[in-house]
Amino acid sequence: MKLLTLNFLTCAVKTCKSSSDSFPLHPKDAELASDDVEVNPELLVNLLPRLDWKALKTTSAELGFPQLPDSPPTIEQLQSDDKLLKDLHSLLMETNLMEGKLVCGVCGHEYAVREGIPNFLLPSHLV
Amino acid sequence: MSRPEDTLLADVHYDDVEARKYTTSSRIQNIQASMTRRALELLDLKTPSLILDVGCGSGLSGEILSDIPPEEGGPHIWIGMDISPSMLDVALQRDVEGDLFLADIGQGVPFRAGTFDAAISISAIQWLCNAESSETSPQQRLARFFGGLYQSLKRGGRAVCQFYPKNDVQKQMITSAAVKAGFGAGMLEDDPDTKNVKVYLVLTAGQSAVANTKSGDITGVVENMEGVDVVDNRRQGRSSGKGEIKKGSKQWIIKKKEQMERKGKVVKATSKYTGRKRRIAF
């Protein structure tokens, strides 16, 4: 699972929907892998306004990546700065979470991740 | 035509054998590919986008999303959800590019609001109509799915769901669930009245700021397509029914009484005096 996807994922438990702490999910015992993906600047520009930068910062700190700047780059910066684009691309698109768990900050539910596929099936009393 | 959803749940039906059969059949591959292309045509995406593939299975439809050339607005990236582990296993072996989730769409869509540019679903949502356990009903599952989908799409985003309705009741049930969730819904039928009829439910989530007013619903979407007849029942529906009964008339009073009765209120019996004017006392 790409880190990009993790930036959009919330807890699926019904009672967590209203709480802001159910996002982002916190990776635990994570095993990462790096994939080669072709850089697609247009896509990143399209996605940039939708990213939750604070959540991305938390996630990348939890996974032990170097600290991100406090505020997101602007679209102009992204278009002009090649290195910035590459860095963001490799963090969001090429870094994959292969094994581990995703933990909700509110209810503590653990979603297992195996072979890059998180298991979001819930027992019926949590739906 | 066999309907596997009548007998088993999706995750039970698509076991290892069935998933492999489904993915390697060239007939199914062809049908799936053409339906995905049609759905993409309806989505009308101009830039590389983030797409949700509902019931992605082994990634037959996702592959096409990843392969759209840049001049046609691609390649898109996608996130797929499916309930069958065997199908996802086949997808892993085929090394698809999208992210996969093992999840039940009848339990909702676990993404934050405004995540996706668009969503597609190929031959999946009819499975929602057959969820038989004592805890959930098809209506509940449909409501949860469409509610979650509506939230996770950005405003002005579109979803195209191709599905195989068993009958008109099922079609109606799915459409009304989508409308209840807030979508603008329209139905496109390819090859109507033949055995190969393909039904596409085209949903729009709110109005986008940039879109012009006409492209808001499906009649705007298909406007430029060839060989599409628009059957719009909305105007007719509005003019008939209302307007004929005058407020305060006997007919109107009887209608209101029926409404109240249906709600379980105590209503006086209707007689020949109902709705009559009192005589002038002085």
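Only one of the listed residues (A:K17, A:K57, A:K83) is within 14 Å of another protein chain (Cβ to nearest Cβ) and either basic (K, R) or in contact with an Asp or Glu (Cβ under 7 Å, 6 or more places away or on another chain) (or both). That residue is A:K17.
Here is a yes/no grid of residues against (1) in the same structural domain as B:S58 (by TED's automatic domain parsing); (2) surrounded by fewer than 18 Cβ atoms within 10 Å (Cβ to Cβ); (3) under 20 Å from the mean Cα position of the chain (by Cα):
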position	(1), (2), (3)
B:E72	yes, yes, no
B:I79	yes, no, yes
B:I83	yes, no, yes
B:F101	yes, no, no
B:D104	yes, no, yes
B:G114	yes, yes, yes
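Within region A:79-105, the set of residues being out of contact with any strand residue (DSSP E or B) (no Cβ under 7 Å at 6 or more places or on another chain) and surrounded by fewer than 18 Cβ atoms within 10 Å (Cβ to Cβ) comprises A:Q79, A:S80, A:D81, A:D82, A:K83, A:L84, A:K86, A:D87, A:S90. Working only within region A:14-43, note down all residues that are farther than 18 Å from A:A61 by Cβ, buried (at least 21 other Cβ atoms within 10 Å of the Cβ) and at pLDDT 85 or above. Within region A:14-43, A:L43 is the sole residue that qualifies.
Looking across region B:105-121, just one residue is aromatic (F, W, Y) and either free of Cβ contacts under 8 Å to residues at least 12 places away in the same chain or at the interface with another protein chain (Cβ under 7 Å from one of its Cβ atoms) (or both), and that is B:F111. Can you name every residue in region B:71-81 that is touching a residue at least 12 places away in the same chain (Cβ under 8 Å) and farther than 23 Å from A:L6 by Cβ? Selection gives B:G73, B:G74. Scanning region A:4-62 for residues that are in contact with a strand residue (DSSP E or B) (Cβ under 6 Å, 6 or more places away or on another chain) and part of a loop (DSSP other than H, G, I, E, B) gives A:F8, A:L25, A:D35.
Per the conditions (1) part of a strand (DSSP E or B); (2) more than 10 Å from every other protein chain (Cβ to nearest Cβ); (3) touching a Gly at 6+ places or on another chain (Cβ under 6 Å), the sole criterion not satisfied by B:G80 is (2). For B:E223, the criteria (1) surrounded by fewer than 10 Cβ atoms within 10 Å (Cβ to Cβ); (2) modelled with pLDDT under 85 hold in every case but one, which is (1). Being among the acidic types (D, E) and part of a strand (DSSP E or B): is that true of B:D53 here? So B:D53 passes the test. The residue that is surrounded by the fewest Cβ atoms within 10 Å (Cβ to Cβ), among those in region A:106-119 that are out of contact with any helix residue (DSSP H, G or I) (no Cβ under 8 Å at 6 or more places or on another chain) and of a type outside the set (D, E, K, R), is A:G108. Taking each residue of region A:1-25 that is under 16 Å from A:V113 (Cβ atoms) and looking for partners that are buried (at least 20 other Cβ atoms within 10 Å of the Cβ) and charged (D, E, K, R) with beta-carbon atoms closer than 6 Å, six or more apart or interchain, yields A:M1/B:D99; A:K2/B:D99; A:T5/B:D99.
The values are calculated or read from the model by the stated rules, or taken from the named source; none is laboratory data. Being a predicted model, the structure only gives us computed values, none of them experimental. So basically every Cβ, Gly included, is an ideal-geometry build from the backbone, and we count neighbours across all protein chains shown.
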